[in-house]
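What follows is calculated from the coordinates using simple rules that are stated; it is not laboratory data. Please read these numbers as outputs of a predicted model, since none were measured by experiment. Cβ placement follows ideal geometry from the backbone for every residue including glycine, while neighbour counts extend to all protein chains displayed.
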Amino acid sequence: MIALEHVSKRYGNGPTAFTALTDVSLEVSGGEFLSIMGPSGSGKSTLLNLVAGLDTPDRGLVVIGGRNLAQLSDNARSDLRLREIGFVFQSFNLFPTFTVEENVAWPLEFLGLSWRDARRRAAGALAQVGLGSTVLHRRPAELSGGEQQRVGIARALVTEPRLLLADEPTGNLDSRTGEAVLDLLRALNVEGQLTIILVTHSPLAADYAHRIVEMRDGRFVREVAAHRGAWDTQLLPLSA
């Protein structure tokens with residue numbers, strides 16, 4: 001479903017320039033749950049932005065569903081994100097003045113759905129993440145952190161994407177709430193065959209995936225298999 005081929009990305013010019021990614025290659029199959037783990041500044045978020053078509057590589061190819069993102073127009077990349085990619089953010093990114101229902105339903109406006117159909121889809125997405133009708137008309141400030149993140153996941157799911165990109169989704173949550181969110185992501189992957197790429201600095205969070213790729217200084221340094229907390233620490237060469 002996803003392929004990165006010898007991707008490099010550098011930001012800035014002169015003495016302040018820095019290299020975010022160097023010759024990164026990766027394949028992610030449809031229905032896979034992949035964790036990308038590493039410290040801050042290792043290139044994890046840059047990689048997600050490239051997969052989403054929010055940024056473009058200086059070198060190499062990013063291919064999603066057989067489509068080379070560099071060959072798509074800005075409008076085509078925007079349409080791809082709207083229809084096929086869902087995003088979950090560390091800081092929730094909910095509109096504070098919108099109700100829960102409005103926060104989840106608003107992407108459907110761009111798909112041309114009527115408000116009636118959008119409300120129905122929003123209710124279904126909220127039910128999918130374990131939130132019922134009692135939260136529909138609340139504002140984000142009236143919810144717990146875990147509830148806000150579930151609303152964020154519902155918003156990501158409401159367009160029925162094939163791929164979910166989660167950038168540190170438990171970073172602002174306590175450990176118990178974070179584990180509940182990770183359990184939800186794993187259930188969405190197992191039951192709905194949703195492809196998930198999870199970016200995290202936490203070994204516990206990373207271990208919810210099928211496979212873990214570790215990054216350092218813009219490169220993949222090793223790959224490990226995750227089996228309910230038991231890692232196979234076999235080192236694998238991931239890039240030249």
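Some notes on this structure:
- In this calculation the C-beta distance from LEU82 to ALA127 is compared with R0 = 22 Å, giving a FRET efficiency of 0.50.
- Prolate/oblate/rounded call for the range 30-172, Cα gyration tensor, a/c under 1.5 rounded: oblate
- Global form of the range 24-73, assessed from the alpha-carbon gyration tensor, a/c cut-off 1.5: oblate
- Choice from ARG222, ARG116, ARG83 with maximal GNM fluctuation in the chain (Cα, 10 Å cutoff): ARG116
- The rule of thumb for compact globular proteins, 2.2 N^0.38 Å, goes into the C-alpha radius of gyration of the chain 1.02 times.
- Where labels lie 7 Å past Cα in the beta-carbon direction, separation of GLU142 and ASN93 in nm: 2.5 nm
- Integer Hz, Karplus 6.51/-1.76/1.60 couplings in order for the range 152-167, x for Gly and Pro: x, 5, 4, 4, 5, 8, 5, 8, 6, x, 8, 10, 10, 10, 10, 9
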